[in-house]
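Since the structure comes first, as structure tokens, the remarks are kept for the end.
The values are calculated or read from the model by the stated rules, or taken from the named source; none is laboratory data. Just so you know, these numbers come straight off a predicted model, no measurement behind them. Note: ideal-geometry Cβ built from the backbone for every residue, glycine included; neighbour counts use all protein chains shown. Side chains are part of the model used for accessible areas, which takes the heavy atoms of the whole protein and leaves out ligands, DNA and RNA. Shrake-Rupley method; radii C 1.70, N 1.55, O 1.52, S 1.80 Å.
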Amino acid sequence: MARNAERQMAMLNRWDAMKKSILQPNRGRRPKLASECDVLDDAKFWRNQVVREMSRKIAEIQNAGLGESRIRDLNDEINKLLREKGHWERRIKELGGAEMKLPTGTQSAQLLGAELAGGDGYKYFGAAKDLPGVRELFANQEPAQQARRTRKELRKNLGPDYYGWRDEEDGLLLLAEQAKEMEQRDKAEKEWRETQSKRQREQGGGMEDIPSSSSAAATGREGGGEEENFRAYVAVPDRQAIEAIMLKKEKEKAMASLAVVEKYQSRGMQREEEDSLELVGKKRGRDD
């Protein structure tokens with residue numbers, strides 16, 4: 001079965017190739033100059049043909065065992081096809097076609113090859129980068145500067161620590177902030193006292209020394225007995241009181257559920273009584 005399917009596919013491929021050869025116009029040989037082509041479809045066809053040839057040669061030049069002369073010839077041919085591809089792309093745009101963009105990603109770096117810094121656009125592909133003299137040129141040139149990252153890339157790996165959302169989790173930082181706050185408060189209080197004393201001297205009156213907050217706290221600690229100690233006493237229930245409260249809550253809950261049950265039972269009993277009276281009345285009427 002497999003051989004029959006393969007034969008059918010081979011016949012189908014030959015028929016498809018024959019159909020394309022009949023339907024496609026005979027374009028002849030590719031023009032040497034892209035400006036000689038005035039048809040957009042022809043320009044796209046010749047551009048695709050150049051790309052196929054260039055891809056085949058790039059795949060061939062990856063083999064380092066071809067020899068130095070063959071590798072150099074292939075590299076020259078690839079550069080020539082690369083320039084010709086650019087001519088056809090410009091011609092396609094002139095004829096009203098879409099702009100042919102280069103592939104992106106790591107594949108484009110392999111297809112476009114490597115170019116020396118300050119060169120004239122000549123590129124080296126595959127094994128041509130390791131030719132004698134070329135390897136030294138790539139090793140001696142300065143590394144290319146990295147492109148500046150965008151604002152989106154810079155903010156990509158920012159976490160909550162960058163914005164200070166976890167600063168309060170550090171106890172040492174809180175202690176440092178408290179110490180700095182006390183220092184700033186004492187400094188502001190000292191400046192205020194100096195300003196007030198200077199104003200009083202200008203007005204001609206005296207000014208009693210006002211104890212600062214830190215000195216007042218120190219005096220209170222030293223005096224000990226003079227400072228009043230305030231205590232708040234809260235009545236805490238004992239175990240028996242807690243059990244009594246819980247028992248009362250359980251009783252109230254049971255009484256509420258019992259009332260609901262009695263309510264529905266009373267309604268049911270009333271309905272049964274009404275039904276029984278109705279049946280008794282009907283029976284007496286029949287007897288009469």
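Can you send over the solvent-accessible area of ILE242, 1.4 Å probe, protein chains only, in Å² to the nearest 10?
The value for ILE242 is about 80 Å².
Please give the solvent-accessible surface of ASP238 in Å², to the nearest 10, using a probe radius of 1.4 Å with every protein chain present.
Taking all protein chains as shown, ASP238 has close to 90 Å².
Can you list the lysines whose alpha carbon is less than 22 Å from that of LYS190, not counting same-chain residues fewer than 8 positions off?
The qualifying lysines are LYS180, LYS198.
Tabulate in residue order the Karplus-calculated ³J(HN,Hα) for region 68-82, using 6.51 cos²θ - 1.76 cosθ + 1.60 with θ = phi - 60°, rounded to whole Hz; enter x for Gly and Pro.
5, 5, 5, 5, 5, 5, 5, 5, 5, 5, 5, 5, 5, 5, 5
Show which lysines lie in cross-link reach of LYS57 when reach means a straight Cα distance below 28 angstrom and same-chain residues fewer than eight apart are skipped.
The qualifying lysines are LYS20, LYS32, LYS44, LYS80, LYS85, LYS93, LYS101, LYS123, LYS129.
Compute the length gained on full extension between GLU136 and ASN13: take 0.36 nm times their separation in residues and subtract their Cα-Cα distance, giving the result in nm to one decimal.
Numbers: separation 123, 0.36 × 123 = 44.28 nm, distance 4.91 nm.
Difference between extended and current length: 39.4 nm.
Tally Lys/Arg at +1 and Asp/Glu at -1 over every other residue whose Cβ is under 12 Å from the Cβ of LEU158; what's the total? Before the final figure, lay out the partial values.
Values: positive: ARG151, LYS152, ARG155, LYS156; negative: GLU153, ASP161.
Within the 12 Å Cβ shell, the charges total +2.
Which value in nm describes the separation of the simple spin-label points at GLU94 and LEU66, placed 7 Å from the Cα toward the beta carbon?
Output for this residue pair reads 3.1 nm.
Summing +1 for each Lys or Arg and -1 for each Asp or Glu, what net charge is found among the other residues whose Cβ lies under 13 Å from the Cβ of GLU136?
Details: positive: LYS129, ARG135; negative: ASP130.
Residues close to GLU136 contribute a combined charge of +1.
In the full protein assembly as shown, how much of LEU12 is accessible to a 1.4 Å probe, in Å² to the nearest 10?
90 Å²
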